[in-house]
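Here the structure comes first, spelled out in structure tokens, and everything after it is commentary.
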Amino acid sequence: EEVVESEETEETVEEAIDYTIQYPITITDQAGREVTIESEPQKIVSGYYISSSMLIALGIEDKLVGIEAKADKRPIYKLSAEELIDLPSVGSAKEFDLEGCIALEPDLVILPKKLKDAAETISELGIPVLLVNPEDETLLEEMVTLIGTAIGKTEEAAKLLNAMHGRCDRLLKKYFDF
């Protein structure tokens, strides 16, 4: 029996994937913590520019209610989501504003892994916190999937990862003759 693969078969398989997220969900963040999210987040605080960039790429910048310090200095915001510059700042990894973050009453907080203590405090108040650690390509891809799952945008996360892989493949072919 011969198996023939075609582009049509690939597309059919991709269309059959169910990207629906059923809340509540429990996911493991990049610090190994289990985090339960009761419903699709509507108010998100991102205390890390890399996670903020991913949220923009996933198309949910309208759900951000707080953002890391120095957002006005980062070109990504001026180029793709200038309105985020005016959001309340929750500080930085060095000087995180715990009270300011909590005052925004978020449904989800995304912080760098180094803010584990702040994450524990916020979690104790019943606010889910994802710790992320996108320090290399594999961890960055994990973060995209993690955030996509948490916010109910798994299909968009998969498309983003496919686009990232496609761009890498094109660069390799162009510059390294792969």
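The values are calculated or read from the model by the stated rules, or taken from the named source; none is laboratory data. All of these numbers come straight from a predicted model, not from anything done at the bench. Note: ideal-geometry Cβ built from the backbone for every residue, glycine included; neighbour counts use all protein chains shown. To get the accessible areas, we keep the full protein, side chains included, count just its heavy atoms, and leave off ligands, DNA and RNA. Shrake-Rupley method; radii C 1.70, N 1.55, O 1.52, S 1.80 Å.
Odds and ends about this structure:
- Qualifying positions in the stretch 43-58 - of a type in the set (Phe, Trp, Tyr) and crowded, with 24+ Cβ neighbours inside 10 Å: Tyr48
- Test: residue in the stretch 128-150 that is touching a Pro at 6+ places or on another chain (Cβ under 8 Å) and farther than 13 Å from Asp29 by Cβ: yes
- Odd one out for Lys78, checked against (1) at pLDDT below 95; (2) exposed (fewer than 13 other Cβ atoms within 10 Å of the Cβ): (2)
- Exclusive hit being at pLDDT 90 or above, in contact with a Gly (Cβ under 6 Å, 6 or more places away or on another chain) and closer than 22 Å to Val132 by Cα, set Glu40, Glu34, Glu99: Glu40
Residues are listed down the side, and each one gets a yes or a no for (1) over 14 Å from the mean Cα position of the chain (by Cα); (2) aromatic (Phe, Trp, Tyr); (3) open to solvent by 60 Å² or more (accessible area, probe 1.4 Å):
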| position | (1), (2), (3) |
| --- | --- |
| Gly100 | yes, no, no |
| Ala103 | yes, no, yes |
| Leu111 | no, no, no |
| Ile122 | yes, no, no |
| Leu139 | no, no, no |
| Glu156 | no, no, yes |
| Leu160 | no, no, no |
